[in-house]
Amino acid sequence: MPFGDGTGPRWGSGPGTGRGMGGGRGMGRRGMGGGNRPGSGPGGFCVCPNCGYRIAHTVGQPCYQMTCPSCGTQLVKE
């Protein structure tokens, strides 16, 4: 209603309504990288959060099931 005469947009249309700029599409499971979850990808490294030891991730063996040979801490997926 730019002139105050009641000819503006109907209720439910115009700015401030709808789904916004994003279009409703999120990143999903594959968007930002999985981290230390099942399905986080075959590549990457298993890393010790304590001392920084790194080893290449092997397919089929989760990083959290491995321990660091230097300090014995459970490894995490990088």
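Numbers below:
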| read-out | value |
| --- | --- |
| Flag if G52 is at pLDDT 80 or above and over 22 Å from the mean Cα position of the chain (by Cα) | yes |
| Residue list for the range 59-78, restricted to those being in a loop (DSSP other than H, G, I, E, B), under 22 Å from the mean Cα position of the chain (by Cα) and among the β-branched types (V, I, T) | V59 |
| Options G34, G24, G16; residue that is modelled with pLDDT of 60 or more and either among the small types (G, A, S) or in a loop (DSSP other than H, G, I, E, B) (or both) | G16 |
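The values are calculated or read from the model by the stated rules, or taken from the named source; none is laboratory data. As the structure is a prediction and not an experimental result, all values here were calculated from the model.
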